[in-house]
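Visitor: My questions all concern the structure below.
The values are calculated or read from the model by the stated rules, or taken from the named source; none is laboratory data. Only a predicted model underlies this, so the values are computations on that prediction, with no experimental measurement involved. Here Cβ is always computed from backbone atoms with ideal geometry, including for glycine, and neighbour counts include all displayed protein chains.
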């Protein structure tokens, strides 16, 4: 027994035995339907009792948000070989790839809860961006669309490979009702609450871009009842959707569906956009003037979101300073008008997180009507700013206030010098909240055309808009460079 050759033989038998055990274990997993092919560098986790995977791109930096692609479905034998081209393309472009095994779910409420837990885990604990690109194959689109419809603010884009968009078409009402654990009659009555083609309005409102590809001879998931019907409805809602139809192809394993270069470019473009910091800016018509040059200057540096003088919020009961007497779209051009619809503005800010918020208004608050009184007296203006600032700070963004630009000598309803009174009131509010003040008043005064402008009767300093945009871009960039607390 002390023969060294015998000991070596025994060790060899043990190693071979261990290898056999491992091979059996792998074989058992494959026999159970687990022959998935995961993207390179995948790590595995459990979320709400379900298997999930996450593949990070090489070079992902600690502390920086990584854009990501969420693949649906990730159950049975998926993802498989066909998915690898797209997944590798994403990883090579700095985009993470992830998925969660929902065990064949068709977008049920129970499945959506697991998806929410998965999203919260990856964005909260693994450094991924709050906006995600989703890619669905076939029935995975029921998972994708039903979750996206309830979280439109979290979607960078939606993409689908011959996607199931209509449960009445596939798998049919009876089968779908079984998945939803409802009697068929009840499911039919509640179908609009669960059918992707009926849940598009929130996505269109959030301006979520969509890309589908499909075959023109797909008999299992016909385009006319799925992609084409969805596209028709989405466009009617004002949504942006692109559809590529491959001739002579059905619901099959043709690689062209999975190696669609236009789809890949679409995903990369929107994923990278989602990784940019988000900046909200709003204000009066002066902000409308500097809007275009500002967006141009911030291109590739930040996603610029503007709520302009006319936004999509509605004042229900009063037109405020508008003389027609009819309710109009909310005018973000005055503190008074912003306060008028503060509840819906708060809804927007609670569902849309920003890194920086830049705002300015006051000229319309100063406006003197026929009786010579200010539209919004200066004391009330200060109180309104206080309310607005408190709301903006709840968003977690860095806030920048821009003061009111000069008023020319001959404006009929905005006396020269009134802006100094309002700027002084605003300064007290901003200093109390440690909010930096972007001195646009001084920018206009240093403009070459200032003297001629001051002889006029129009507060819109058109020739200075580029200078204003440059100043604002500089301030926003400086705030973005500050480390987060």
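Visitor: Would you point out the residue of the stretch 199-219, among those that are surrounded by fewer than 16 Cβ atoms within 10 Å (Cβ to Cβ) and at pLDDT 95 or above, that is nearest to residue 133 (Cα to Cα)?
Guide: Among residues in the stretch 199-219 that are surrounded by fewer than 16 Cβ atoms within 10 Å (Cβ to Cβ) and at pLDDT 95 or above, the one nearest to residue 133 (Cα to Cα) is 201.
Visitor: Can I ask one more? Identify all residues within the stretch 285-299 that are modelled with pLDDT of 95 or more and outside any helix (DSSP H, G or I); write none if there are none.
Guide: If the condition is that a residue be modelled with pLDDT of 95 or more and outside any helix (DSSP H, G or I), then 298 is the only one that fits.
Visitor: Still on this structure: Looking at (1) more than 15 Å from residue 281 (Cα to Cα); (2) in contact (Cβ under 8 Å) with a residue 40 or more places away in the chain; (3) part of a helix (DSSP H, G or I), find the lone condition where residue 477 falls short.
Guide: (1)
Visitor: Give me a count of the residues in the stretch 152-173 that are at pLDDT below 95 and in contact with a strand residue (DSSP E or B) (Cβ under 9 Å, 6 or more places away or on another chain).
Guide: Adding up the residues that qualify gives 1.
Visitor: I would also like to ask the following. On the given criteria, is residue 434 part of a loop (DSSP other than H, G, I, E, B) and without any contact (Cβ under 8 Å) to a residue 24 or more places away in the chain?
Guide: yes
Visitor: Shifting gears a bit: Scan the stretch 394-417 and tell me whether some residue there is in a helix (DSSP H, G or I), assigned by TED's automatic domain parsing to the domain that holds residue 363, touching a residue at least 40 places away in the same chain (Cβ under 8 Å) and in contact with a strand residue (DSSP E or B) (Cβ under 8 Å, 6 or more places away or on another chain).
Guide: no
Visitor: Tell me which helices (runs of 4 or more DSSP H) are completely within the stretch 317-391 and hold 2 or more residues being modelled with pLDDT under 85, or say none if there are none.
Guide: Those helices (runs of 4 or more DSSP H) span 335-340, 342-351.
Visitor: A further question on this structure: Sort out which residues of the stretch 57-79 are at positive phi and over 22 Å from the mean Cα position of the chain (by Cα), and write them in order of number.
Guide: Passing the criteria: 59, 76.
Visitor: Of the residues in the stretch 53-106, how many are part of a loop (DSSP other than H, G, I, E, B) and in contact (Cβ under 8 Å) with a residue 24 or more places away in the chain?
Guide: 27
Visitor: Could I ask something else about it? Pull up the stretch 119-136, narrow it to residues that are within 17 Å of the chain's Cα centre (by Cα) and assigned to a helix (DSSP H, G or I), then point me to the one that is surrounded by the fewest Cβ atoms within 10 Å (Cβ to Cβ).
Guide: This residue is 124.
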